[in-house]
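Engineer: What follows is a single structure, and I will ask about it in a moment.
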Amino acid sequence: MDATLHIGEPWMWAAFVGFVLAMLVVDLFLVGGNKAHKVGFREAATWSFVWFSLAMLFNLGLWWHLKGAYGAEVAEAKSMEFLTGYLIEKALAVDNIFVFLMIFGYFAVPAEYQRRVLIYGVIGAIVMRAAMILAGAWLVTEFHWVLYLFGAFLVFTGVKMLMAAEAEPDLGKNAALVWVKRHIRMTPDYRGEKFWVRENGVRVFTPLFLVLVMIELSDLVFAVDSIPAIFAITTDPFIVFTSNIFAILGLRAMYFMLAGMAERFHLLKYGLAMVLVFVGAKMLVADFYKIPVGLSLGIVGLIIVTFMFASLWVTRKPSASR
């Protein structure tokens, strides 16, 4: 198969963007997205399953279309690229969850308000990642050597994550947070789910707006890591975009599903760091040895599963007989 083959036809881009917009409308207006409530584990698990199922159905439809248009070899290769990219992005999104927990804890955000923040956080993340993916795809197409920069950056980031896995950042000293606090009017407490209110004819922002700013900034930081990572799997803009967006669409549900037991998966940070090192190294050696996509999927899966079970083992409760 020609590695430079890009499959995204205009109608495919339009159909996918329309699908994403439709799902966001459903989330915002038809399933309680505009009503403050605490998201329970069952609701979060149900939506996590829905998003995962939609991603797999999309991949199946992609395989079926490509088999008819380009043949079985292209269909199998592209569907494997989508699956691998999607699972890598889902794995890296776990680190987002740890940061979201830290932000919500620092600002003492009531559980019933967190959903609204994450909904708008997801919308902002989709817009940012779309722009970054299109820019990255253009750079990779025009300047192949950019892949080496991506690879070196991912290896550096992975090593840095390994060294700082146990460090707890101090949000109170965050430069962006300090700057925003100094330059906007703030209410002393939350005003329901509102990001701002009018007092004496003047717009005043609530602490929930600060939370949203920090969530969007964290999304931007994580995008800088995750988008180069998926370019290690494929340089096809359509595959990069769709797999990344599907992972983002399911991020909020995954957060609420794992939030109550995140402390049991603290070793996953080491696994995610190793994933970044692996995909970065894969990009650096690509011109000398191209690691098959299926093998990459297996290695990433093995790393994540190993550290997930290691986390559960380390944090297991003592037996009652002791």
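The values are calculated or read from the model by the stated rules, or taken from the named source; none is laboratory data. Remember, it's a predicted structure, so these values are computed and weren't measured experimentally. Methodologically, a virtual Cβ is constructed for each residue, glycine included, from the backbone with ideal geometry; neighbour enumeration extends over all protein chains shown. Just the protein is used for accessible areas: all its heavy atoms, side chains included, with ligands, DNA and RNA removed. Shrake-Rupley method; radii C 1.70, N 1.55, O 1.52, S 1.80 Å.
Engineer: G151 is checked against (1) surrounded by 17 or more Cβ atoms within 10 Å (Cβ to Cβ); (2) over 22 Å from A247 (Cβ atoms) and fails just one. What number does that condition carry?
Structural biologist: Among (1) surrounded by 17 or more Cβ atoms within 10 Å (Cβ to Cβ); (2) over 22 Å from A247 (Cβ atoms), the lone unmet condition for G151 is (2).
Engineer: Follow-up question, since we're still on this one. Search the range 267-311 for residues being of a type in the set (A, V, I, L, M, F, W, C), assigned to a loop (DSSP other than H, G, I, E, B) and modelled with pLDDT of 85 or more, and hand back the single one that is farthest from D236 (Cα to Cα).
Structural biologist: Step one: list which residues in the range 267-311 are of a type in the set (A, V, I, L, M, F, W, C), which gives 267-268, 272-279, 281, 283-286, 288, 291, 293, 295, 297, 299-300, 302-305, 307-310.
From the residues that got through so far, the ones that are assigned to a loop (DSSP other than H, G, I, E, B) too are 267, 285-286, 288, 291.
When the remaining residues are screened for being modelled with pLDDT of 85 or more, the result is 285, 291.
Values: V285: 19, I291: 17 Å.
Here the answer is V285.
To keep it simple, each residue is scored yes or no on (1) modelled with pLDDT of 90 or more; (2) among the hydrophobic types (A, V, I, L, M, F, W, C); (3) part of a helix (DSSP H, G or I).
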residue: L5; (1), (2), (3): no, yes, no
residue: A15; (1), (2), (3): yes, yes, yes
residue: M23; (1), (2), (3): no, yes, yes
residue: A36; (1), (2), (3): no, yes, no
residue: E43; (1), (2), (3): no, no, yes
residue: T46; (1), (2), (3): no, no, yes
residue: F58; (1), (2), (3): yes, yes, yes
residue: E73; (1), (2), (3): yes, no, yes
residue: N96; (1), (2), (3): no, no, yes
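Engineer: Please verify whether the range 55-78 includes one or more residues that are under 16 Å from the mean Cα position of the chain (by Cα), crowded, with 16+ Cβ neighbours inside 10 Å and touching a residue at least 24 places away in the same chain (Cβ under 8 Å).
Structural biologist: In the first step, residues of the range 55-78 are kept if they are under 16 Å from the mean Cα position of the chain (by Cα); the result is 55.
Next, only the ones that are crowded, with 16+ Cβ neighbours inside 10 Å stay: 55.
Right, trim to touching a residue at least 24 places away in the same chain (Cβ under 8 Å) and you get 55.
For the range 55-78, residues under 16 Å from the mean Cα position of the chain (by Cα), crowded, with 16+ Cβ neighbours inside 10 Å and touching a residue at least 24 places away in the same chain (Cβ under 8 Å): present.
Engineer: Suppose we filter R252, R264 for residues that are assigned to a helix (DSSP H, G or I), closer than 28 Å to G158 by Cβ and more than 17 Å from the chain's Cα centre (by Cα); which single one remains? Let's see the steps before the verdict.
Structural biologist: Numbers: R252 fails: more than 17 Å from the chain's Cα centre (by Cα).
One residue alone meets the criteria, R264.
Rundown of residues vs (1) open to solvent by 10 Å² or more (accessible area, probe 1.4 Å); (2) closer than 23 Å to V159 by Cα; (3) in contact with a His (Cβ under 8 Å, 6 or more places away or on another chain), yes/no style:
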{"position": "V197", "(1), (2), (3)": "yes, no, no"}
{"position": "V202", "(1), (2), (3)": "yes, no, no"}
{"position": "D219", "(1), (2), (3)": "no, yes, no"}
{"position": "A223", "(1), (2), (3)": "no, yes, no"}
{"position": "K269", "(1), (2), (3)": "yes, yes, no"}
{"position": "V279", "(1), (2), (3)": "no, yes, no"}
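Engineer: Within the group V109, V122, V117, which residue is in contact (Cβ under 8 Å) with a residue 24 or more places away in the chain, outside any helix (DSSP H, G or I), open to solvent by less than 20 Å² (accessible area, probe 1.4 Å) and over 20 Å from L284 (Cβ atoms)? Break it down stepwise before answering.
Structural biologist: Values: V122 fails: outside any helix (DSSP H, G or I); V117 fails: outside any helix (DSSP H, G or I).
Going through V109, V122, V117 in turn, the sole match is V109.
Engineer: Starting from the range 196-210, take each residue that is within 18 Å of R115 (Cβ to Cβ) and list its partners that are in a helix (DSSP H, G or I), counting only C-beta distances under 9 angstrom and pairs at least six apart or across chains.
Structural biologist: L208/Y113; L208/R116; L208/V117; F209/V180; L210/L177; L210/V180; L210/K181
Engineer: I'd like the full set of residues that are β-branched (V, I, T) and either in contact with a Phe, Trp or Tyr (Cβ under 8 Å, 6 or more places away or on another chain) or within 20 Å of K269 (Cα to Cα) (or both), limited to the range 69-108. Spell out how you get there, then give the answer.
Structural biologist: Filtering the range 69-108 for residues β-branched (V, I, T) gives 74, 84, 88, 94, 97, 99, 103.
Matches in the range 69-108: T84, I88, V94, I97, V99, I103.
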